[in-house]
1. Going through region 101-121 one residue at a time, which ones are under 16 Å from THR81 (Cα atoms) and either without any contact (Cβ under 8 Å) to a residue 12 or more places away in the chain or not polar (S, T, N, Q) (or both)?
2. The conditions are (1) assigned to a strand (DSSP E or B); (2) open to solvent by 20 Å² or more (accessible area, probe 1.4 Å); (3) of a type outside the set (Lys, Arg), and GLU140 fails exactly one of them. Which is it?
3. When you go through (1) open to solvent by less than 50 Å² (accessible area, probe 1.4 Å); (2) assigned to a helix (DSSP H, G or I) one by one for ARG145, which number turns out not to apply?
4. Report, ordered by the first and then the second residue, all pairs with beta carbons closer than 8 Å, sequence separation of six or more or different chains, a first member in region 49-75 that is within 17 Å of GLN124 (Cβ to Cβ) and in contact (Cβ under 8 Å) with a residue 40 or more places away in the chain, and a second member that is acidic (Asp, Glu) and open to solvent by less than 40 Å² (accessible area, probe 1.4 Å).
5. Which condition does ALA135 not pass, out of (1) outside any helix (DSSP H, G or I); (2) under 15 Å from ASP41 (Cα atoms), if it passes all the others?
6. If you go through region 94-101 one residue at a time, do you hit one that is under 15 Å from the mean Cα position of the chain (by Cα) and open to solvent by less than 60 Å² (accessible area, probe 1.4 Å)?
7. Within the group GLY16, GLY70, GLY24, which residue is open to solvent by less than 50 Å² (accessible area, probe 1.4 Å) and at pLDDT below 90?
8. Quick one: how many residues across region 118-137 are open to solvent by less than 70 Å² (accessible area, probe 1.4 Å) and closer than 18 Å to LEU108 by Cβ?
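The values are calculated or read from the model by the stated rules, or taken from the named source; none is laboratory data. Small disclaimer: the values here were computed from a predicted structure and weren't measured. No Cβ is skipped: glycine too gets one built from the backbone with ideal geometry, and neighbour counts run over all protein chains shown. These area figures cover heavy atoms from the full protein model, side chains too; ligands, DNA and RNA do not enter into them. Shrake-Rupley method; radii C 1.70, N 1.55, O 1.52, S 1.80 Å.
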Amino acid sequence: MGSLWRTPGVPGSLVGGRFDVQRGRVPGQVAMAGIEETLRDLAGLEGVLGASVVDYFSRLTLGAVGDPAGPDLEAAARGDTDVVRAKLSTLELIGYRPERVEDIVVTLDDAFHLIRPLTRRSCQGIFVYLVLDRAGGDLEAARERLRKVEAELDV
């Protein structure tokens with residue numbers, strides 16, 4: 001997997017090359033993960049070709065990890081913002097008002113593209129985008145990991 005890039009304003013700190021989410025943690029509180037730690041976690045999944053955290057409102061990539069020869073994650077972020085907007089608009093047009101959209105999965109011949117809009121108050125307007133090799137990845141494991149990310153990511 002390639003290196004992390006473009007992670008401005010990432011909360012937390014790097015200590016000895018490791019991301020430390022314990023600093024500033026209130027005793028008994030669930031440890032929240034920052035963008036950089038979240039992307040490292042996603043990059044560790046088998047078959048991941050790239051992942052990013054995207055601000056839905058501004059279309060900006062808040063952080064991304066992937067192989068430089070892989071998909072252009074910044075361009076995908078801009079395009080996926082349109083996908084999310086179109087799906088939400090379509091649901092509204094047909095009168096379907098779910099509490100939330102869990103994820104959007106696009107299936108290609110060689111890859112899965114997963115979009116996970118985050119619904120926690122502190123993460124509204126953010127989605128996670130994951131590209132998974134179809135032959136080498138486990139779609140259900142990736143979806144489960146995205147559920148975990150939604151519960152733990154603090155932007």
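1. Result: VAL101, GLU102, ASP103, ILE104, VAL105, VAL106, HIS113, LEU114, ILE115, ARG116, PRO117, LEU118.
2. (1)
3. Single failed check for ARG145: (1).
4. Correct list of pairs: VAL54/ASP80; LEU62/ASP55.
5. (2)
6. Restricting attention to region 94-101, the residues satisfying the condition of being under 15 Å from the mean Cα position of the chain (by Cα) are 101.
Okay, now just the ones that are also open to solvent by less than 60 Å² (accessible area, probe 1.4 Å), so 101.
Checked region 94-101: at least one residue is under 15 Å from the mean Cα position of the chain (by Cα) and open to solvent by less than 60 Å² (accessible area, probe 1.4 Å).
7. Details: GLY16 fails: open to solvent by less than 50 Å² (accessible area, probe 1.4 Å); GLY24 fails: open to solvent by less than 50 Å² (accessible area, probe 1.4 Å).
Criteria check complete, one pass: GLY70.
8. Going residue by residue through region 118-137, those that are open to solvent by less than 70 Å² (accessible area, probe 1.4 Å) are 118-120, 122-123, 125-133, 136-137.
When the remaining residues are screened for being closer than 18 Å to LEU108 by Cβ, the result is 129-133, 136-137.
The number of residues fulfilling the criteria is 7.
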